[in-house]
C-alpha cells in the first residue's frame, strides 16, 4: 500500500518498548521507496549489537541504513531529496550520545537547535522516534537530570515542528496533532 505523505515531519514518542518504532516503520513502508533508516544507536556491547542486528533483519533489504550517533543534522541535510522517506530512530539515543562524547558537535543544546533548523528545511518526508522520559522519578544525579531535561525540550521542539505528533502506548497510537496516518 502506498500513500501520499500527509506530513513533512511526523513525530512518535512513548515509553521504551511501547511500539513506536514498529509503527514508524509501518508508516515509512507505506511511502514510496527508496527508504532511509538513520540509526543513532551504537553497538557498544554484545546486547546492543544483537538489538541492532535484529532491527536490521526486521527492516529487510528494502531499506538503506546509515548509522550516525552524533552528526544527525549533517546526515539529514545530505540525505534530503534522495529518498522517499527518512526514518530516524531515535532522538533520545542521539542526545545520550551527545552528552557522553566530547563536544566536537557542539553542546547538546546547540546541536538540538541545529537539528530543528535542519528539519525545517527538509523536503523529504521524515519520521522521528523519541522516548518520553519525563514520567518517572526525578533522577538522583545531574547527568541524568540534564538528559531528561534535554529530551523533554527536544521533544517539545520537534512536536511543535511536526505535522503529525503521536504518543504510542502499548502499541496504540494516540494522535496529539495532525490526522491519522494509517
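Laboratory data are not the source of any read-out in this text; all were calculated from the coordinates shown. None of the values given here were measured: they were computed from a predicted structure. Here the Cβ is made from the backbone with ideal geometry for all residues, glycine too, and neighbour counts use every protein chain on show.
Relative to the longest principal axis of the Cα atoms of the chain, the long axis of helix 91-100 makes an angle of roughly 30 degrees.
Rounded to the nearest 0.05, the FRET efficiency derived from the C-beta distance between residue 177 and residue 113 at R0 = 22 Å is 0.55.
The order of the peptides 82-90, 24-32 by mean Cβ neighbours within 10 Å, most packed first, is 82-90, 24-32.
Ordered by the count of other Cβ atoms within 10 Å of each Cβ, fewest first, 42, 47 give 47, 42. By the count of neighbouring beta-carbon atoms within 10 Å, fewest first, 65, 123 end up ordered 123, 65. Between residue 52 and residue 99, the simple spin-label model (points 7 angstrom out along Cα→Cβ) gives 2.1 nm. Looking at the stretch 9-177, the DSSP beta bridges with both ends there are about 15 percent antiparallel. Subtracting the Cα-Cα distance of residue 163 and residue 43 from their residue separation scaled by 0.36 nm leaves 40.0 nm. Dividing the mean sequence gap of close Cα pairs (under 8 Å, 6+ apart) by how many residues the stretch 9-177 holds gives a relative contact order of 36 percent.
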